[in-house]
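Student: Here you go, one structure.
Bear in mind these aren't lab numbers, they're just calculated from the coordinates by the rules spelled out. Note that the coordinates shown come from a computational prediction; the quantities given were computed from them, not determined experimentally. When we count neighbours, we look across all protein chains shown, and the Cβ atoms used for this are built from the backbone with ideal geometry, even at glycine.
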Amino acid sequence: MSRRVEEPVMRRGACAAVGCAFLLLLFAPESGGTSVQKLTLREIASRASRIVEMNIDSAGMVRDRRGRPSTRYTAKVASVLKGESAATIEWIQPGGTIDGESLVIAGIPQFAPGDSFIMFLSEESTAGHRLPIGLGQGAFRERLDAKLKKTILRAESGSVELIDPATGKRAAANVTEMEREAFLAEVRDYLK
């Protein structure tokens, strides 16, 4: 019987592959959890089906159309920049805990009663969800700057890793903070 010469080479190749995989895992950069494509404010505005300035009234746990834990938000509408006008808005986002069952999706911003936002919301999905466009990139929290006596907006994209679509590499957030009137003027300009 003749012995196959390739056998030791195959074993060495398999060991090398396992060793490389181990080293890649060992030295891989830590991920931020959820990665999404970095969007410009113009892209966020054009992709949104609704752009609404709102104050969150309530947040409650429900099951979506597929039976998964979700959060239903209700908010008073201060102004509508895009989409249908209404005094209140209600939407459902995936995630939450109901009947002892939890669903956590990294990167989806959470809201609490009393929070004020300008939201760039998606169309409703087949499961009944609406999400801010680009996750936190499409949810701009309003806060009053006491020194400036102006409302400042800040995107809620802190828990997602933004990826530059041109390079595929990590990217910094577009807008760190912006004065409300300048922000609204820019969005209105994009919607023309």
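Student: Once R0 is set to 30 Å, what does the formula 1/(1 + (r/R0)^6) return for the Cβ-Cβ distance between LEU148 and THR126, expressed as a FRET efficiency to the nearest 0.05?
Tutor: Once rounded, the FRET efficiency stands at 0.10.
Student: Which entries of LYS76/LYS169; LYS38/LYS192; LYS169/LYS192 show an alpha-carbon separation above 30 angstrom in the structure shown?
Tutor: LYS76/LYS169; LYS169/LYS192, as the Cα separations exceed 30 Å there.
Student: Could you check the spin-label model distance between GLN110 and ASN55? Points 7 Å from the Cα along Cα→Cβ, value in nm.
Tutor: If labels sit at GLN110 and ASN55, their model points lie 2.3 nm apart.
Student: Run the quick spin-label model on ASP164 and ALA185: label points 7 Å from Cα toward the beta carbon, then report their separation in nm to one decimal.
Tutor: The modelled label-to-label distance comes out at 2.9 nm.
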